[in-house]
Amino acid sequence: MITLQHTRASAVVREPAVWAAAQVLLLGVVGATAGLGPLGWAAGLAYGFATWAFLGYGMQRHRTASLGPADRVTLARGLMVGAVTALVADRAGQDVPVALVVTLAAVALSLDWVDGQVARRTGTSTALGARFDMEVDAFLILVLSAYVAVQMGPWVLAIGLMRYVFVAASWRFRWMNASLPPSYARKVVAAVQGIFLVVAASGVIPFAGVLVGLALASLVWSFGRDVLWLWRNAGVPVGGSGHV
């Protein structure tokens with residue numbers, strides 16, 4: 001029994017550590033090709049350490065000895081998000097290698113569909129995997145909104161911060177912790193945020209501000225609708241999933 005527990009504990013520590021090492025390797029590649037200063041390295045390493053700590057804690061809490069195939073796809077997405085974070089933080093929105101940032105972010109967003117498909121087809125959907133996927137999505141949106149905000153104004157940050165404000169509010173108002181019923185509209189709104197922010201970050205269209213404004217309006221509507229539903233149904237157990 002002790003040997004089994006030791007083996008399981010070692011696996012919980014080892015796999016997240018391997019992915020953290022992969023994050024450092026990717027940062028090294030980005031640094032060698034596009035250049036990374038101290039701030040970029042600090043942001044990228046902090047992100048990698050936070051991912052390692054979050055995932056290790058989650059695996060212990062859910063008594064998971066190894067990650068599933070969909071989780072590994074999410075981790076690959078997370079590596080790209082770490083690189084985007086480092087690039088955006090390093091240049092403070094100025095002289096950012098736009099093509100590289102847009103490519104990494106676009107691939108990370110595209111793989112969001114892949115990890116969902118892998119989880120369903122392999123029957124390996126887990127609460128930990130869903131939560132980890134949600135956190136990767138939310139942080140990428142936050143980083144992209146910070147980058148776009150440099151060009152369009154601080155109001156764009158509301159897109160990335162709204163989910164975190166919702167979580168913070170749920171600490172004060174316990175009724176906001178209830179599960180929401182499944183909603184296709186919520187998924188569409190969540191996808192729109194990333195797509196429109198990537199388009200805005202690319203600078204390829206002149207009316208990107210309109211798209212970002214529409215993305216923010218749809219997000220306000222989605223969160224507002226869900227908060228109203230939670231308030232009206234406080235104390236009523238309903239299965240479902242929360243905001244991405």
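The values are calculated or read from the model by the stated rules, or taken from the named source; none is laboratory data. None of the values given here were measured: they were computed from a predicted structure. FYI the Cβ positions are ideal-geometry reconstructions off the backbone, even for glycines, and counts take in every protein chain you see. Heavy atoms of the whole protein, side chains included, go into the accessibility calculation; ligands, DNA and RNA do not. Shrake-Rupley method; radii C 1.70, N 1.55, O 1.52, S 1.80 Å.
Overview of values
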| read-out | value |
| --- | --- |
| Estimated Rh, region 37-109: Kirkwood, alpha-carbon pairs, angstrom | 13.3 |
| About the Cα centre, charge dipole magnitude for the chain (Lys/Arg +1, Asp/Glu -1 at Cβ), debye | 740 |
| For the chain, built as a Gaussian network whose Cα springs stay under 10 Å, the top-fluctuating residue of ALA46, ALA92, ALA169 | ALA169 |
| Contact order normalised by residue count of the chain, Cα under 8 Å, 6+ apart, percent | 18 |
| Value of D in µm² per second that Stokes-Einstein yields for the chain, Kirkwood Rh from Cα pairs, at 10 °C (1.306 mPa s) | 84 |
| Carbon/sulfur fraction of accessible area - the chain, other protein chains in place, 1.4 Å, % | 69 |
| Cβ-derived FRET efficiency at R0 30 Å, VAL29 paired with SER125, nearest 0.05 | 0.40 |
| Residue-averaged 222 nm ellipticity for the chain, from DSSP H runs of 4+ at -39500 (n - 2.57), nearest 500 | -27500 deg cm²/dmol |
| Point-charge dipole on Cβ atoms (K/R +1, D/E -1) for region 61-188, about Cα centre, debye to 20 | 560 |
| Region 64-156: Rg to Rh, with Rh as the Kirkwood radius over Cα pairs | 1.05 |
| Backbone HN-Hα couplings from phi across region 43-49 [Karplus 6.51/-1.76/1.60, Hz, Gly and Pro as x] | 5, x, 5, 4, 4, x, 5 |
| Å² of accessible area per residue within the chain, as computed with a 1.4 Å probe and no ligands counted | 52 |
| For region 99-244, radius of gyration divided by Kirkwood radius, i.e. Rg to Rh on alpha-carbons | 0.98 |
| Residue among LEU75, LEU228, LEU216 with the largest mean-square fluctuation in a Gaussian network model of the chain, springs linking Cα atoms under 10 Å | LEU228 |
